[in-house]
Amino acid sequence: MNLSFIQPPQVAWASGALADGPLLRKSTRIQDLTDVFADENARQQLAGEQVVYDVEMLDTSPAEGELYTGVTHLYPGRVGCEYFMTRGHFHARREQGEVYFGLRGTGLLLLQTEQGNARLEKVFAGSVHIIPGFTAHRLINTGEEVLSALAVWPGIAGHDYAALARGFRIRVFEENNRVQAKEVQNG
Ligand code: PA5
Ligand code: NI
């Protein structure tokens, strides 16, 4: 019997581009991010259709035990002084973790527990981030290039954005040409 060799999906490590898989794509724009940034007036001054981040993921099964694979491309930019970032979320199934791998660019991964303890990990090409269960996560692009990160997470994890409607406890700004992280009271 002649067995064929299956062509798997591929990720171009340098760019994060996915190929040869059934792909899903979603763009998140300035107009989608009401009240996410500290300076809502500054957000409203920007072009609403400007894309802040694109997510490209393999269209695989969401069944229990299955894994999703996706790449986030977070563009450089700021709303006021605050760097572009993803909305951020807890998993709906709180106990489910996730792994992020930095592919290109420079930034931070903001992690926050349900008790409100927040911390920041540096993201760069080759960085590995183990996100435990019960931990909200948000990418922040503090550089001048696209920040791309590969993520693998359980199909059953789901997203809970509402739990963070009042924001994370840390915000990251550019001040005097430097990256400054500040603790804030909301969250
Ligand atoms: O699964 C993840 O954590 C990522 O793929 C994110 O969903 C992605 O970075 C977009 O962020 P958010 O879902 O917070 O808008
Ligand atoms: Ni997640």
Kindly establish whether GLY126 is surrounded by fewer than 18 Cβ atoms within 10 Å (Cβ to Cβ) and in a loop (DSSP other than H, G, I, E, B). yes
Provide a single number: the residues in segment 48-59 that are surrounded by fewer than 16 Cβ atoms within 10 Å (Cβ to Cβ) and more than 13 Å from ASP32 (Cβ to Cβ). 1
Residue, nearest to the chain's Cα centre (by Cα), within segment 90-116, restricted to residues that are open to solvent by 20 Å² or more (accessible area, probe 1.4 Å), within 17 Å of ARG166 (Cβ to Cβ) and touching a residue at least 12 places away in the same chain (Cβ under 8 Å): THR113
Output the residue which, of all residues in segment 80-123 that are within 11 Å of ligand 2 (Cβ to nearest atom) and in a loop (DSSP other than H, G, I, E, B), is nearest to GLY16 (Cα to Cα). THR86
Within segment 141-158, residues being assigned to a strand (DSSP E or B), within 11 Å of ligand 1 (Cβ to nearest atom) and open to solvent by less than 30 Å² (accessible area, probe 1.4 Å) number 7
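The values are calculated or read from the model by the stated rules, or taken from the named source; none is laboratory data. In this text the structure is predicted, and so the values were computed from the model without any measurement. Ideal geometry is used to build each Cβ from the backbone, glycine not excepted, and the neighbour counts take in all protein chains shown. Ligands, DNA and RNA are excluded from the accessible area calculation, which covers all protein heavy atoms including side chains. Shrake-Rupley method; radii C 1.70, N 1.55, O 1.52, S 1.80 Å.
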